[in-house]
2 protein chains.
Amino acid sequence: MAVDQRRSPSASERKRDPERTRALLIEAAAAEFGAKGYAATRTTDIAARAGVNKQLISYYFGGKEGLYKEIATSWHTSAAEMASTEQPLDQVLAGFVQTTLTDQGRLWAWANLAGDSPPVDEAFLRNQVDQLRDRQRAGEIPSDLDPGLLLLALMAAAAAPLTLRQTAGQITGEDPATPEFAAKYADQLALLVRHLSGRA
Amino acid sequence: MAVDQRRSPSASERKRDPERTRALLIEAAAAEFGAKGYAATRTTDIAARAGVNKQLISYYFGGKEGLYKEIATSWHTSAAEMASTEQPLDQVLAGFVQTTLTDQGRLWAWANLAGDSPPVDEAFLRNQVDQLRDRQRAGEIPSDLDPGLLLLALMAAAAAPLTLRQTAGQITGEDPATPEFAAKYADQLALLVRHLSGRA
DNA sequence: GATTAAGTCAACTCATTGGTTGATAAACGA
DNA sequence: TCGTTTATCAACCAATGAGTTGACTTAATC
């Protein structure tokens, strides 16, 4: 027993660790909210998944709603990061298809339906629209399409495995929530966009 | 007081009318479920909207869940009808965009996210995929696209004003839940499909 | 080491909500 | 016309679930 425990608290092995607890709760909440939506999620389930007492939800986030908002706003920032990088269109879409599989993505879908708070960073959207406009000028994309509506259509299409999960399953006979499916689907979208630009 | 009330019961003016009550409940329920999703919907709200005592939900449908299922299955049939008509692709999409505005449409979106029951008539989907394949053979659509995934992408895109309501609002600055928006958006999709087929 | 502060938990409270009960009235058949 | 069935409602009930309380325990500070 000569080892000094405090030398490297290293979070994971400490008995008490507020940061870790917070993180556990946030992670568990994202999973639960993402799977069932806000209304159907039970705080008890969140706590159980996090392996922690449910009172701590109140302690750290002031309750169910506070916890939800914490998560809802956290992706604002992650989306903002994404906004900065300027990639080819099919890359952007592929990335988008990927987020489909994450808890964040599911949460975003719920929020959209429920009409919660504006769930995406405005700057990100504006940026994407601008880039689409540029591509139009460059002749990559037909000029008679409205860039805003086109972005909307492409985002919606990319989110299909998520928003139309059931229907996707019915059509393809596969489980749309797998990385393999996402990859295949992203390829198809890339192909589609390429056809759009005329240079198949 | 000589008039014989019973001569023409005419539903709407009768004091008691099971059929009418049932219909009122179904309509109200579709609206409520569509707006908030199953979990967030209160039976009290349904009854209030229908202008009827809440106990009648149990009386006629055996409870909240029974009422929900009643509605969830009812669109199966309406979708099946839609399946029979063979229209040009942009017409199909336009029709789809339209349903976006209905309670049925919203309900369908919720069901897809929640992973409820398979929410669309299988025959309808198969039919649409087959038609897409035909169009491919006819050269209307690039042959290297998978018809199933293409259908998925197009349906998802068409449902954008619904599934990405918030985001749509952010992008366009308009309310996507209006007939005007739906019309404009449907036009864009038609245009997009036309570009896809190469004959801009 | 004693004191204080922070973190965690089990048990409890209280509002909400779906569902039930029993009374009441309209429709209907004999 | 009278009894029976059907439809409707107001009031009640039981269960659930979010949030609170107070005790207890670990860590930090003096």
- prompt: Does B:Ala190 satisfy being farther than 30 Å from B:Glu70 by Cβ, touching a helix residue (DSSP H, G or I) at 6+ places or on another chain (Cβ under 6 Å) and more than 7 Å from chain A (Cβ to nearest Cβ)?
  reply: yes
message: Out of everything in the stretch A:140-177 that is touching a residue at least 60 places away in the same chain (Cβ under 8 Å) and in a loop (DSSP other than H, G, I, E, B), what residue ends up being farthest from the other protein chains (Cβ to nearest Cβ)?
response: A:Ala177
Residue, nearest to the chain's Cα centre (by Cα), within the stretch A:40-71, restricted to residues that are within 14 Å of another protein chain (Cβ to nearest Cβ) and more than 8 Å from DNA strand D (Cβ to nearest atom): A:Tyr68
- prompt: When residues of the stretch B:178-200 are filtered for being modelled with pLDDT under 95, more than 23 Å from A:Lys184 (Cα to Cα) and not in a helix (DSSP H, G or I), how many remain?
  reply: 3
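Take B:Leu107 and tell me if it is touching a residue at least 60 places away in the same chain (Cβ under 8 Å) and farther than 23 Å from A:Leu149 by Cα. Walk me through it before giving the result.
Working: touching a residue at least 60 places away in the same chain (Cβ under 8 Å): yes; farther than 23 Å from A:Leu149 by Cα: yes.
Criteria met by B:Leu107.
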message: So, in the stretch B:116-133, exactly how many residues are farther than 18 Å from B:Ala190 by Cα and either within 11 Å of chain A (Cβ to nearest Cβ) or in contact with an Asp or Glu (Cβ under 9 Å, 6 or more places away or on another chain) (or both)?
response: 12
field: Failed item in (1) near DNA strand C (Cβ under 8 Å from one of its atoms); (2) crowded, with 16+ Cβ neighbours inside 10 Å, with B:Gly62 passing the rest
entry: (2)
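The values are calculated or read from the model by the stated rules, or taken from the named source; none is laboratory data. In this text the structure is predicted, and so the values were computed from the model without any measurement. Neighbour counts are summed over all protein chains in view; Cβ atoms, including those assigned to glycine, are modelled from backbone coordinates with ideal geometry.
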